[in-house]
Structures are given as C-alpha cells and as structure tokens.
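No lab work stands behind these numbers, since they all come straight from the coordinates. Keep in mind the model is a prediction, meaning the values are calculated, not measured. Backbone-built Cβ (ideal geometry, glycine too); neighbour counts: all protein chains shown.
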2 protein chains.
Amino acid sequence: MDIPIIENVLKLNDEVASINRKTLKDAGVYTVDLIGSPGSGKTSLLEATFKAIGDKVRIGVLVGDLTTARDATRIAKWCPDVVQINTGKGCHLDANQVRQGLDRLKLDELDILIIENVGNLICPVGFDLGQDAKVGLFSIAEGDDKAAKHPYIVQEAQILLLNKMDLLPHVTFDLELFKEDVARINPKVSLQQVSATQGLIAPWCDWLLSHIAQDCTV
Amino acid sequence: MDIPIIENVLKLNDEVASINRKTLKDAGVYTVDLIGSPGSGKTSLLEATFKAIGDKVRIGVLVGDLTTARDATRIAKWCPDVVQINTGKGCHLDANQVRQGLDRLKLDELDILIIENVGNLICPVGFDLGQDAKVGLFSIAEGDDKAAKHPYIVQEAQILLLNKMDLLPHVTFDLELFKEDVARINPKVSLQQVSATQGLIAPWCDWLLSHIAQDCTV
C-alpha cells in the first residue's frame, strides 16, 4: 500500500521542483544543491566561497539542518541573503521547503543560489529541489571508499569536490583508488580537490562562475 | 494520507524489533546498533575491537551498506560471523532486514552482536532493530558542532564515541564545546574519546565487556 503513497510524494515534489526551477530561471539565478555528509565541510566551503568570489557575484544561500541555526549564523557574517530551513527529524530538504525559502530571498538581486542540504549523503540525492546541478562533497577524512559506497551521489552530481586535502599527510587515503571509483561510477563527472579551511577552492569557484551569464559578473 | 502509512511502517518495524530482541535475549547475545556518518570510522572501530578483545568474547557483526561488501570483507578477516545487508538506496537498516541477518548467524555461539548501520547520522536513529543499546560514533574531523546539530542520536545513545582523536593536532575542534553540547542534550550519556586506527579504544571495549554475562567470558 505504501508504494503509491511514496510515488505521490515524489510526484508532488517533482511538480514543486519544476515550479522552483522556472522561478529561478526567470530570475537568472544559477542554483546548486550541495550534498555531503555531516562534517564534510559544506559550510566551510560556503565561507571560503564568499571570501573568494563574494565581491564578484551575489550569492544567496538556503541552509537545511535538523535543528539549530549555527550554519546560517556562520554564513550570515558573509552574506545578507541567507535563509535557514530546519527540518526537525527530516533527513533531507524537499522542493516545498525550498519553495518557502525562495519566497524569502530577493532572487532578482542574486546571480547564484547555493542550497546547503542536510548533512546526509543518501536521502538528499533522490529529491529534486529545482536546482541546475547537484554537487557532491566528500572529505578525505571520511576514507577513500566513500565514492564506491555512495554511488548515487556520484551518479547524480555534475561536480564532485574532495575536501580537506590539507589532512592528506595525516590520514590513510588512496587518492588513485578514489579517482578510479569515481571514474567507474560516473565517467563524465568532474572531480576536484579542495581545502575549504585553507581557502584552496579555485576549481570550485571557476566552475561556479562559468555557469552564470556574462552580464551578471562585474 | 501518508501519516497513517508511516505509522504502520513504524509499528510493523517495532513488532519485528521486539521479536529480534527476544531472540537475542534468549540466545544470551548483547546487541548494539552502531550509528555514525559515512567515514566516522565504524568499520575501523570494529577491526580494532576484534584486535583488542576478539580472543576474549565471540562477536558477530551485521553490516548495513547501500551497496558493496567492502566493510564485510574487511571484518571477515577478523570474524567468521559477519553478514552483509545491502539496502540499495535505503538510508537505514530496519528490523526485518536484521531479522533476516539473524537467521544467518549462529547466535548461541555469540556473546555480542554489533550491527553496523548504514553510514547516516539521521535516519537510523528512529528505527528500533531489537538492540540493547544504540551507540553513536562521531569523528573529530567532522567538527565540534555535530552533537548540537544531530541531537537525536545524542538523546538515544547509551554511549557516544568521539573517534579520530589522533587528528586533534591537525583540525580545529573545541573539545569543551562538544562536551558541553553532549551534556546539555543528554546528561546521562557516557562520552568516550577513542582512536580506532591507533587501537586506542579501551573505554569502548570495557563498556562492551561490562554488558555480557560473567559466564560468557573466558
């Protein structure tokens, strides 16, 4: 009995996601859904992004969390356009939550919207939010087997970021093995090494900037 | 419409969990449900546990993963009593999956069963599997805000392990802040610092051993 219900939930989600996508496209906002485990460095990546290109483009942020506004508070130091979405025990954002978040942003003033999903490498992958691209964030502190063990985010992402590269001398991590797993699961995906806390995120910023219209950049 | 369905799913899960609990109690097996993010070190903790006390007690393992048998393969080097449960896109183990796993173990020969749940700090918390205790595993590489941001596992766990303490010199982590968050959310829970890859897991082993009947130990 529950299968039709789940289909309806997903169908409803997809319909709202389509509305979100049209809203964002009409406003000229390039939107990414940032997905990673708790502690993979999503908020640190956003902080580093504002430091690096916050003066070139206007970036808005929707932050999903079970509880607390800690991430939004961190981001608000860099960005006036941040909305926190608390999901309670909900393990992912859905399109309707994003819809409500969009209503609180001045989309016409934004070039980019980054949706920082709930810290979870599984459930957020299956929900369309209306984004242009899903971005998968791994950390080398999580171990080199994580692409193989979480293939769905690797399949769905347009770009994968491998964060905390500064920890490489201190952890056991076979970079070639990780790259091979990614290439096997999704030969088309771009895999970039970054260190958010060290500000070494140029490939990510270049990728973001490449997706916004020329006349949006200063 | 979906609320009754979800209630039924949870009710059915709880009924099967009760059967599991009786089965395990009758067999004299102390059972823990190990919950942590991808890369928090669940499998490394199990490897270290077998090294430390594998000759004292007989430990069985059920391993949940989306896909691959990598964790079970690692554990099988230490332990003949390991069963892999692949959940596909399922973000947590449920009681029925555990029920099927139990059928493949010789429970009468075990003292302890460790269920390594799917790497996910959210969804596994809400599902009773028939365990005696839930154990929450954090890693200091994930950042010091993770107890506050994931309060449900802190509330539900009987013991919390803070892993990868060997990385403390290389990451920004306020240990006092983390301890304060844990104490505020669950004043009764035991919080222990460990380093699985360094074999520094004595508090965890002591806790495990304290829960098995005297006549089970050699």
Amide H partners (placed H, <5 Å) of residue A:31, local residues excluded: A:113, A:132, A:133
Kirkwood Rh, Cα atoms: Rg over Rh of the protein assembly as shown: 0.97
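How much of the DSSP bridge set in region A:2-217 is antiparallel, in percent, rounded to the nearest 5? Spell out each step's value before the answer.
Values: 1 of 30 bridges.
DSSP beta bridges in region A:2-217 are roughly 5 percent antiparallel.
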DSSP beta bridge pairing in the protein assembly as shown, given as percent antiparallel to the nearest 5: 5 percent
Within 10 Å of each Cβ in B:132-145, the average number of Cβ atoms from other chains: 3
Tail beyond 17 Å, pair distance distribution of region B:23-108 (Cα, percent): 48 percent
For residue A:12, label point 7 Å along C-beta direction: distances to other copies, nm: 2.1
Ascending list, in nanometres, of distances separating the residue B:180 label from those of the other copies (7 Å, Cα toward Cβ): 4.7
Residue-wise HN-Hα coupling along region A:163-171, computed from phi with Karplus coefficients 6.51, -1.76, 1.60 (Hz; x: Gly, Pro): 9, 6, 4, 5, 8, 3, x, 10, 10
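Grab the DSSP H runs of the protein assembly as shown that are 4 residues or longer, score each as -39,500 (n - 2.57), total them, divide by all residues and round the 222 nm result to the nearest 500 deg cm²/dmol. Display every interim value, and only then the final one.
On the way: 16 runs with 164 residues, N = 436.
Calculated at 222 nm, the ellipticity per residue is -11000 deg cm²/dmol.
Work through the residues other than residue B:110 whose Cβ is under 11 Å from its Cβ and net out their charges, Lys, Arg +1 and Asp, Glu -1. Let's see the in-between values first.
Values: positive: B:58, B:106; negative: B:81, B:108, B:109, B:111.
Every neighbour counted, the sum reads -2.
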Shortest-first nm distances, residue B:132 label point to equivalent points in other copies (7 Å, Cα→Cβ): 5.6
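Convex hull over the Cα atoms of chain B, averaged projected area in nm²? Spell out each step's value before the answer.
Working: hull surface 48.8 nm².
Directional mean of the projected Cα hull area for chain B stands at 12.2 nm².
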Whole-Hz ³J(HN,Hα) from phi, Karplus 6.51 cos²θ - 1.76 cosθ + 1.60, for region A:65-76, glycine and proline x: 8, 4, 7, 6, 10, 4, 5, 4, 5, 4, 6, 4
Kyte-Doolittle mean at least -1.0 and Cα axial length at least 20 Å: DSSP H helices in chain A: A:2-26
Near-label residues of region A:60-85 by backbone N, under 17 Å of a point 7 Å along Cα→Cβ of residue A:109: A:60-62, A:76-84
Of all chain A residues, the one whose C-beta is nearest the axis that brings A onto B, in angstrom: A:141, 2
Candidates A:33, A:103, A:132: whichever shows maximal mean-square fluctuation once chain A is modelled as a Gaussian network with Cα springs under 10 Å: A:103
Cα centroid of region A:134-177 to Cα centroid of region B:93-142, whole Å: 25 Å
Pairwise FRET efficiency - residue B:51 versus residue B:183, Cβ, R0 = 25 Å, nearest 0.05: 0.20
Under 5 Å, built H, 5+ apart or other chain: amide partners of residue B:191: B:160
Average other protein chain Cβ within 10 Å of Cβ, residues B:179-191: 0
Rel. contact order, % - alpha carbon contacts under 8 angstrom, at least six apart, chain A: 26 percent
